[in-house]
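One structure is given here, and the rest of the page talks about it.
What follows is calculated from the coordinates using simple rules that are stated; it is not laboratory data. Predicted model only: the values in this text are computed from it and were never measured. Virtual Cβ from ideal backbone geometry, glycine too; neighbours counted across all protein chains shown.
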Amino acid sequence: MSERVRVLVVDDSAYNRRTIIKMLESVPGVEVVGYACDGEEGLRKVVDLKPDLVTLDLEMPRMDGFTFLRIVMQSRPTPVIVVSARAEDANVFRALEFGAVEFVAKPSARISPELFEIRDDLVRKVLTIARTDMRKILKRSVVTDFPPAAATPAKLTPERCVDFADEGVLQVVIGSSTGGPPALQTIFSALREKLPVGFAIAQHMPSGFTRAFAERLNKFSPMEIREARHGDPILPGQVLIAPGGKNLLFRRRGENVYALVDDPEPGQRYVPSVDNLFTSAAKVFGDRLLGVVLTGMGNDGAKGTRALASVGGRVLAESEESSVVFGMPKEAIATGQVDKVLALSRMAPEILRRCSRS
């Protein structure tokens, strides 16, 4: 990145501020232009300093992070990374809906030397999202393309499930990273009834957050959405989300398929792994499989796209037009094995089309 990334640090903890500033100032190309102790001071400094990016605590006196986010996104949209304790996991997803781009998990203790352990994750995300097109973020924060999910999901008889499954897709696997949580909410809130197929998701996320994420998604969709557990049966109408820090795989026993929650491989950079999810699904479901690669940094999903295509499965990728970070979809498309490239607003209708006869 040729220009320096100018960062504002907003946190009411003096220890956290000093530590985050120290971590960022050690990185070539990053300059901490200021800090603030609460949201009110942070707003003034956003106006005065015009930073490229803000790191934000959520729980602060005088003005909390949510109020700060609402005002910033209305007055001077700026990329924001929430630096949040695991005890605030539900709040993180509210912040992403309000316009934050990413989050980094910090230790729950107010003063902890473990805070230094977030350095690599924080630096990578700062360098990746500092030039984010905030128009894409703001467009995602208000889902208006589709009507809300039906209050009472349509009942699917076993005969209907078999009828649909016999003619097409049996399982959908989705991979996402930066920008993924709001994108997934957009997709699943657009579905008006349970689909007679299973879904599995690998969203890059640390441990301790995916359960709250699944519970939040579940409120917006007629599908049954929850964090995957080892040994869960794979069922139609169900969405399993890989637990943070783990990989989600599939195992067939007789006529049934079960979830296998596994530890990441040594040195594995992206977890939960999209490649591992897709590759495992390809071995079990073959050509009755649909893969979806959404927004995210890195190349996770490219290897899985090849594996899925090699058994006759199909892959959809999000277009650059709507991707917050066009890393993962771009790498998947570069394999030459992606069946269709779509903006996020068209992804749910396309999934629906491929999961039914119509």
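Between residue 4 and residue 320, the contour length at 0.36 nm per residue exceeds the Cα-Cα span by 111.3 nm. Each of 41, 102, 31 was scored by other Cβ atoms within 10 Å of its Cβ. Listed from fewest to most, they are 31, 41, 102.
Summed over qualifying helices (DSSP H, 4 residues or more, each -39500 (n - 2.57)) and divided by its residue number, the chain shows a 222 nm mean residue ellipticity of -10500 deg cm²/dmol.
Placing a pseudo-label 7 Å from each Cα along the Cα-to-Cβ vector at residue 121 and residue 340 gives an inter-label distance of 3.5 nm. Close lysine pairs were tallied over segment 158-354: pairs 8 or more places apart or on different chains with Cα atoms under 15 Å apart number 4. A P(r) calculated from all alpha carbon pairs of the chain, with 10 Å bins opening at zero, reads 5, 25, 34, 22, 11, 3, 0 percent.
Please go through segment 194-302 and write out the GluC sites (Glu not before Pro) that DSSP classes as loop and that have at most 16 other C-beta atoms within 10 Å. Hits after loop and neighbour filter: 255. When the chymotrypsin sites (Phe, Trp or Tyr not before Pro) in segment 47-126 are filtered for DSSP coil states and for at most 10 other beta-carbon atoms within 10 Å of their beta-carbon, no site remains.
More than 27 Å apart: what percent of Cα pairs in segment 5-140 qualify? Counting pairs separated by more than 27 Å, the tail of P(r) holds 8 percent.
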